[in-house]
Each structure stands twice: as structure tokens, then as C-alpha cells.
Amino acid sequence: MSSKLKAMLAFALLTMSIGTLSLAQADKRLVVPDLDWTGAIVTERTIQYVLENEMGYKIKKPTMPGGPGVWEAMRAGDVDYYSEVWPSYNPIKSEILEEYGGDGSLKIIADTGIIGASGYWTPRYVVEGDSSRGIKAVAPNLKTVQDLNQYKHLFKSLESGDRGNLIGCPTPAWLCEDQARLDALGVDFHVQGLGSETAHWAELTAKHKRGEPFVAYAWSPHWIFAALDLVEVKLPEYDEAKWPATNWAQDICFKMGNPKFIEDHPDVVKVLQNHRLTNAQQAVMIYEIDVNKRDVDEVVNEWMVANKSIWRSWLP
Amino acid sequence: MSTVIEDQRDTLLHKFWEEHRGLVLTCAALVISLAVWKIHGTETVFPKSWIEVFPFADKVNEFDKWIRPFIQPTTRAIGAGVTWFYELVVDWLTFTQWQIVFVILVLPAFAYGGLRLGLLAVFAVGSWLVLDMWDAAMETLSLMTISIAISVMIGVLIGIVASQNDRFETIIKPILDTMQTLPAFIYLIPAFYLFGLGAPGAILATVIYALPPVVRLTNLGIRQVPAGIDEAATSFGATKIQSLVKVKIPMAMPAIKLGINQTVMMALALVVLATFIAAPGLGDIVLRGMMRLNVGKALEGGLAIVLMAIVLDRITNAMGQAEQTSGSRHDHVFRLFPQGFEQVKPILYIEYGIDWAWRQISRAGNLVTLVIVTGICKLATIYNSEISVKLREILLAYSFLIASIALITVMMLLDTHTDIFGNFPRAWEHRFRTPVNQYMDELVTNEVFYGITTWIKESLYFGLINPLNTFLKGLPWWYTSLIFICIARLISGRGLAIATAIGFLFIGATDLWILGMITLSTVTVSVLICFIVGVPLGILAAYNRTVDALLKPVLDTMQTMPVFVYLVPVIMLFGGGQIPAVIATVIYALPPLVRCTTLGIRELPEEINEVASSFGSSTTQTLTKVKIPMAIPAIMVGINQGIMMALAMEVITPLIGGKGLGMDVFTGMNTASFGISLQAGIGIVMLAIILDRISQAWTKSQREAMGLT
């Protein structure tokens, strides 16, 4: 064969393979957002690792805050799926999800394995003291929310006046009803919402660093429990009839997606259905990322390489 | 005899009244208000029945739901078109070898602003490489390119129409006002819903936000062309359109370019904010850093944005003045560092070195151009020697452009045929996030510093914010409205009085009265602090060149640094709530007050100094008795801008616990209720328009009283 012919053949082969590749790529592209809490990103990355490395998907990962924005985007088909929905905090789920009485414009795919718990927390040094930092235990008997009243002077803030101050849910949109809860339980505290999660954690971190007492709303799994040593201030058990004068229900987190995506990508849906991550597994990665400030992809890749047996079972 | 004394007393009283009418009225109003507040006693309640008959948010939501399916196909198609252009630009910028993009980005700076601006551009573009933010910066630049192109095209067109048609102008003006003051958060979510997530939504929201200055300044520029010139053109037989295109628009170019400059700055601000609807780019880095409380990372992203803003501002500014400056491009030795540094030998050598290198490069560039031009002209001579001479003249006027094209072509050829261009070396990348984070940690636990911030926080809260909050919330709603209506009537006229009445009624009827009052008190306190801090700084800068030189980059940074960068430090140092909201607002709204004060004092005619000193007044006396009073109108412009910026911040500060109308904008955004967001946003717009018009009318009357107009 002459060299010219060889070159032509090689060229033809190349164009053909590029052509088929790009054809294949067209329906191997997904858009999945990076939401604004690390847990969601970690959960998502473990799924993406499988889709990208084992199944040849290419995934675009725009950053956006969680909440209705994502739901609207998914409904419009801009986003394909969303891998960590916390049912308690999504007021518009009843408009969109069939399972919650909505119009079915989005569909639930499967659980994530993460079980969320919310509640009120205070630093351990408030209850037990911290001799290494020279902090005395100022509220040794603080166990339940009702105990807060006897210590309310400790938790005063500028805006709370004589009442204690509880750093509540950051935004009213989450329907936490902190003030209603405290009022119903007879706790003479003022609830301060800091407006955004960022502000919430920033305030807690700063107060903890300075060794000041505080009571604050928090949820797990979350890096804050790795960064700060907190103890729970117990609320009454969850009871739907008495809400909001009780603790939150457990949040069985789930994944949901756009119906068209579910129809078009059965293989991805299979992975989403098989995929499970426990709180403990997620927490290890969250700690590395948020407390040790390491790169997300680096941490997740490391975990995936070390836990091959776990994610092998996720494959379709 | 007694009548004379009485007469004298009368005239004295009269004179006092004439001179201090404003002060007397203000004091009286304050005393009465305090009395009313004391008698009223409780927090004011807007009548429930009025709120019930005005279900604004619900109606808006219904309408929103109903109309979306009808317009979405069209808007999505527009979005897809915009995305196509965006991807074209961003792919080119990110896939092209970085050295080539680098050169293309810095060349305009050298062309329009000479060596100094060029070096600044090299520094800025280099910083994106060094900070490992190249791709993000390219994404931001692409978003900017597309949104500015659309804004300028549409804006100039609307501006031209408005300049030709008075009725159109009166229709468009309030719309522009609303576009400029309506918090962008309100339309971010609808924008992405209609046009698509990420780039298309971001670009079209940016167009809405950044359009007004171009329209306004195009309109103004064309209208300001003297009538005589238009007449001259028509008397030479030009039609109306010819006169417009050939005479008026070219004469309005400086104004249009100023408009473009402002549009560029506004576009950059929104492109960063649009990260909330998943816009890619540098804003994304800042938001991610902020979300993880990684102050250092957010600051790195913020710095990259600040540098981009400063360079874009200087380039577009220089373009506007290109005609005047291009001649004096390189007459004296280049000065990189501020005055006073020339005594230091090493710096002098560096400056000489740069100067020499620049001269050599210029010479080489000219030589290349000459060769190319000669070549082209030689070819042209074959066709027609006369054209060839003309061509040479034309081409030589564009020597910089030709040399640039030559350089880029050579680079591209080298890139495609060799592999001498590698990636940016990893070893050159540097980050400063870790030391920043460590420093932040130390600052948070530093007892002395925390003592200071606590003191500031408490005195602000108990001394200003809290009393004002209770006062404004305690005044009956009808009384507060009446006071504002009276002020509007006295200072401006009936039109503004009616607008004020409507504004306050709207805020009340949408059940936002208390939030509105908190907004009012936050804005008042923030602007007051800006005034107390900003005016002395401005005066200092007007007198002392060094202060001015030091202050300038600080103010530039304050104005262009994305607010998200300093939200986390502010909350860590001051705790959450209304106080950090005020502090963040002060950081944002301070620059115009400082700038306007400096400008106001500097622009006073020189003779004032001479006259004042010939009357024997000292420098301090001249300042306090003559200059400051005469600079009041300029300071008022600063205050006006400060108020507008403080109101704009209202929408950001809820992120760190600020209460007020902005909080409802967020609540609406977080619950997918466009109506809730919109009504709170309109509340802010109404307050903005009322406060803006009142302060503008007051400034105008002051100017007139001084005979400045």
C-alpha cells in the first residue's frame, strides 16, 4: 500500500471515529448543579465519578444555591437531576412532586442514604467547660430546650434585649418556625435569623473561636460538627400533631429528576437507584473538604479509589 | 420711636426666618414628630382592610404562572441564540493558546492608554494566570462581551430614537429609572426561567441592568449638540437623517462612550451577581469561597474581578478621550511610580529600563508597519499609483493596529506549526488564600480588635440604629407619609408629592410598612456614617496629593470588589444583624461621598483662595467658611449617590442578617414567589425614587441660591 493511501485511510478512520464519538457524546451529556452545601456536592460527586469514569458521561456542574431555583431549572429541563433533596426544607415540593400531591412535573428517583437530623446545639464548653482554653462551664444543667430559660442571661445579644438569643434557621423560606417553637415551649428567647447559611456558619465559627456561649440551629450530617465540639439541646420528639412545638422529623433525603431525563437515560437512573451513601461515609469527606479546606475532587477521588467495592455495586 | 424698634425687630425676625427657614422648619417638624411618637406609643399598624383589598403579590404570581407558557418558547429561542454566541466566544478564548489571548487582551490597553495602562493590563491579565483563574476569567470576559455588545446595540438605538422624539423620551425615562433601581435579584430567577440557566439568563439580566447609562447618555449627547450646527447642516442641504448620522451622532460620541464606560462597569457587577443563577466565571469562585467561609479564596476571586474592573474602566475611559491623548503618547520619560520616588536609584533604573524597552518595541513595531505598508502600497501601485499614495496615508494612521495584527498572526502561525507555546508553568502559580485565612483567624480571636468591634457595634446599635428603628416604627404610618409628602411638596412640587403619596401607600398596602421603616433607618444611619467618615477624607484628599494617591486605589477596590467577599469577614468580626448590614453598606456606599467632596473642593476657582486670604482669612478659615459651604452642592451629589447605593445594598445585606425590604426579596426568591420579591423590590424602588428626587431638588435649589447654575 502506498504511503499516500495509508495516510488517507488513517484520516478517514480518524474523522469517522471523531464523528461517532461526538454523536455518542451528544446524548452522554448531563447538567447537574453543585448546590451550596458540601454534603450535596459530595453525594453528587460520588455519583458523577461513576458516570464519568465508568460510563463515559460528560457532566456540566454549574454552581447554584439550593431551593426553588434548582426546582424551576429542573422543571424547565436546564438541569437533569438533583441528588440530595431535604424534604423538610422544600416548601414548594407539594406543587411539583406527585408523591407530595403536586403536578408531577418532577419525579422522585430514589433515596440517597443520607438521613438528616435537625436541632438546637450549644458548644460543649458551655455545658462542661474547657480547661485547656480556660473556659468554665457556665450552664452545667443545660440539657433540654426548657433548661434554656434559667440561663437566658448568658445568651443575651444586642437585639434580644433581656431575653436570650437563639441563632435560628438562616432564612424564613425554610419554614423552620423557630420563634413559634420556642414560644409554644415557653422558652423566653428571641430568634435571630442570619439570612444565609454562610452567615450562620461564619457567626458560629467566630463565636466558638472566641469561646462565647451560644445556642444555634444546626443539621447533620454537616462539617460544623467536625469543626466545633457541640452538644445537643434536646427538643421534644417529633410529633406531627404538635408541630412546631417539637423536633424536626428525620429527613430521609432523596434524589429527583426531570421526567424526560428519566425516560432518556435509564442507565443513569439505574445508577441513581443503586447509589447509597451513609452519613458516616459522607461525613469523612465533608471533614476533609470543609475543615481541612482540601479540594472537593481530590477528596472524593481518593475516597472512591479506596472504596471500589462500595461503588462497584452502583453500576447498572 | 417704639415703632422703629418694632420695625427693626420685625425685619430682624424676618431676616432670620428668610435665612434659616429650612432649619427652623426641620427643628419644628422634629419636635412635633417626637411628640406624636410619644403620644402614639406603640408600633404603627397599617389598616388591615387596606392590605386585604390589595393582594399585589398573589395577583403577580397568578399572572406570572399564566403568562410563562406563552412567552417561554420565544424567550428560550432568544436564550439559545445568545448561548450560541457566548459559547463561540468562550470556546475561542479558552481553547486558544493563552499567550495569544494575553496579547490580544493587553494590546487595546497599550493602544489607548499608552505604556502605563498597558502595564496595568499586563498585571491584571497576568494575575488571572498566576492565581490559576484563567478559565474563570475568560468565562466572565465572554459574558461581558456578549452582554455589553447587546446593551450597546440596543441602548444606542433607543437613545437615538429618544433624542428625536420627546414623547418617547418621557415614556422611556421612568422605565430607565426603574431598571436602574430595581434590585437585580428580583429578575434573576425569572431571567433564567425564561432564557435558560447559566449564561443566557445571566447575559439577559445583565442587559436589563446595564442598558440605562448608554440610553441616557446617547440621548443626552445628541440633544446637547448645539442647534446652530444642526441648522448649518440642513442649510447645506442635509436631510434630517443625514444630519443625524453624519453630524449629530459623531458629535455625541464622547457622551456615548462615557455611557459605554458606565455600562461596562455595571455589567461586570451583575455578571458577578448572576452566579446566583449559575453563571460561570470569577463570581463562581467568589461564591464558592464565601459558601465555605474560605475568605482567602473569595478574596483571590474578588481581586481578579477588581483588576478586571479597573482595567476595563481605564480602557473604556481612555477610548473616550483617545482623540486628545494619542498625540502626546511618549514625550517625556516614563513614570511608573508616584512622585517623590524618583530619588530612589533602583526605581529610577527600573523606570529607565521600561522606558528604553518600550521605545525599542515601538521602534520595532513602526518598522514592521512600515515594511507591511510599503509592501501593500507597492502592490497597489500596479493598479493605480494615486490610490497607493492615499492608501499609504490611511494605513500609516493605523500603525498600531497593523503591527498588532502582524504580531498576532505571527503568534498564531507559530502556534499551529510549532509547539514553542506551552501551558502556563505551574511553578509560576501562586495563591495567597492560606495566609489570608490564617490572618482572618487571628483577627477573629484577637481580643483588642474584638473589643474595638464590639464597642463600635454597641455604640452604633444603642446610639443610632435602635432609637431610630423604634422612632420610625412608632410613628403613625399616616404621619410619616404626610411628613414626606410635605417635604416633597416644599422642595420639589406637586408631582413629587403625589408620587411620594403613592409610594408610601404601596408600601403600606403590601403589608411592608415596618420593613420599609427598617430600610429607611438602615439607609439613614449608613449614609450618616458615610458622611461623617467620607467628607473629612474627601477634604484631606483635596489638599494632600499623597492622601489622594493612596486613597484612589482603595476607593476603586471598594467600588468594584464584589460585596460577597467582605460579607463573611464583616459577620465574623461584628456578628450578625443590622449592625454588620450597616457596616457592609458603609463600605459599599462610601466612595462616591469621598470622591464628590474632593472634586467639589478642587473644582472651586483658584481666585477664591486669593480673595479669602486677601481678606485675611487663614487656610482653615477659608476651608470652613468659604470652601466647604461652596462645595455643598457637590457633596450633596455624593450623598445622593450614597443613598442610592445604600438602597441597592439593602438587597445584599439580608445575607448577613440585615432586616428590611431586601429580606422579602430573598424570601420571595427562596420560595419561588415572584410576587413577594417584586413587591418588596418595588418598595425599594419607590423609596429610592422619593429620596433621590428630594435630594436632587434640594441640591438644585442650593445651587441656584449660590448662583452656580
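The values are calculated or read from the model by the stated rules, or taken from the named source; none is laboratory data. Since the structure is predicted, the reported quantities are computational estimates derived from the model, not experimental observations. As a convention, Cβ positions derive from the backbone with ideal geometry for all residues, glycine included, and neighbour counts pool all protein chains shown.
Summary table below
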{"quantity": "Sole residue being outside the structural domain of A:GLY186 (by TED's automatic domain parsing), acidic (Asp, Glu) and part of a strand (DSSP E or B), chosen from A:GLU84, A:GLU72, A:GLU95", "calculated": "A:GLU84"}
{"quantity": "Residue in the stretch B:493-509 that is surrounded by fewer than 23 Cβ atoms within 10 Å (Cβ to Cβ) and among the hydroxyl-bearing types (Ser, Thr, Tyr) present", "calculated": "no"}
{"quantity": "So B:ALA191, is it part of a helix (DSSP H, G or I), within 14 Å of another protein chain (Cβ to nearest Cβ) and under 23 Å from B:ARG76 (Cβ atoms)", "calculated": "yes"}
{"quantity": "Members of the stretch B:634-655 found to be in a helix (DSSP H, G or I), within 14 Å of chain A (Cβ to nearest Cβ) and not hydrophobic (A, V, I, L, M, F, W, C), listed by number", "calculated": "B:THR653, B:PRO654"}
{"quantity": "Residues being more than 10 Å from chain A (Cβ to nearest Cβ) and either of a type in the set (Lys, Arg) or in contact with a helix residue (DSSP H, G or I) (Cβ under 7 Å, 6 or more places away or on another chain) (or both) - total across the stretch B:444-453", "calculated": "2"}
{"quantity": "Selection status of B:GLY658, at pLDDT 90 or above, under 23 Å from the mean Cα position of the chain (by Cα) and either crowded, with 17+ Cβ neighbours inside 10 Å or within 14 Å of chain A (Cβ to nearest Cβ) (or both)", "calculated": "no"}
{"quantity": "Selection status of A:LYS270, away from every other protein chain (no Cβ under 14 Å) and surrounded by fewer than 21 Cβ atoms within 10 Å (Cβ to Cβ)", "calculated": "yes"}
{"quantity": "Test: residue in the stretch A:187-203 that is surrounded by fewer than 17 Cβ atoms within 10 Å (Cβ to Cβ), outside the structural domain of A:LEU35 (by TED's automatic domain parsing) and within 30 Å of A:LYS156 (Cβ to Cβ)", "calculated": "yes"}
{"quantity": "Long-range neighbours under 8 Å by Cβ, at least six apart or interchain, first residue of a type in the set (Phe, Trp, Tyr) within the stretch B:354-380, second part of a helix (DSSP H, G or I)", "calculated": "B:TRP358/B:LEU115"}
{"quantity": "Pairs with Cβ under 8 Å, 6+ apart, first in the stretch A:55-77 and facing another protein chain (nearest Cβ under 9 Å), second acidic (Asp, Glu) and in a loop (DSSP other than H, G, I, E, B)", "calculated": "A:THR63/A:ASP36; A:MET64/A:ASP36; A:PRO65/A:ASP36"}
{"quantity": "Residue in the stretch B:147-167 that is basic (Lys, Arg), free of Cβ contacts under 8 Å to residues at least 60 places away in the same chain, part of a helix (DSSP H, G or I) and closer than 27 Å to B:MET649 by Cβ present", "calculated": "no"}
{"quantity": "Of the criteria (1) charged (D, E, K, R); (2) crowded, with 16+ Cβ neighbours inside 10 Å; (3) away from every other protein chain (no Cβ under 14 Å), which one A:ASP27 fails", "calculated": "(2)"}
{"quantity": "Residues satisfying the stated conditions in the stretch A:79-99, i.e. over 24 Å from A:ASN279 (Cβ atoms) and without any contact (Cβ under 8 Å) to a residue 12 or more places away in the chain", "calculated": "A:SER94, A:GLU95, A:GLU98"}
{"quantity": "Test: residue in the stretch A:273-282 that is surrounded by fewer than 19 Cβ atoms within 10 Å (Cβ to Cβ) and either within 14 Å of chain B (Cβ to nearest Cβ) or touching a helix residue (DSSP H, G or I) at 6+ places or on another chain (Cβ under 7 Å) (or both)", "calculated": "no"}
{"quantity": "Positions within the stretch B:423-435 being more than 12 Å from chain A (Cβ to nearest Cβ) and modelled with pLDDT of 85 or more, in sequence order", "calculated": "B:PHE424, B:PRO425, B:ALA427, B:TRP428, B:GLU429, B:HIS430, B:PHE432, B:PRO435"}
{"quantity": "Matching residues in the stretch A:193-241 - criterion: being within 13 Å of chain B (Cβ to nearest Cβ), of a type in the set (D, E, K, R) and touching a Phe, Trp or Tyr at 6+ places or on another chain (Cβ under 9 Å)", "calculated": "A:GLU197, A:GLU203, A:LYS207, A:ARG210"}
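To keep it simple, each residue is scored yes or no on (1) within 14 Å of chain A (Cβ to nearest Cβ); (2) not charged (D, E, K, R).
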position: B:PRO536; (1), (2): no, yes
position: B:ALA541; (1), (2): no, yes
position: B:ARG545; (1), (2): no, no
position: B:ALA549; (1), (2): no, yes
position: B:VAL554; (1), (2): no, yes
position: B:MET558; (1), (2): no, yes
position: B:VAL565; (1), (2): yes, yes
position: B:ALA581; (1), (2): yes, yes
position: B:THR598; (1), (2): no, yes
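Per-residue answers, yes or no, for (1) more than 26 Å from A:ALA202 (Cα to Cα); (2) exposed (fewer than 12 other Cβ atoms within 10 Å of the Cβ); (3) hydrophobic (A, V, I, L, M, F, W, C):
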site	(1), (2), (3)
B:ARG431	no, no, no
B:VAL436	no, no, yes
B:TYR439	no, no, no
B:THR454	no, no, no
B:LEU472	yes, no, yes
B:LEU475	yes, no, yes
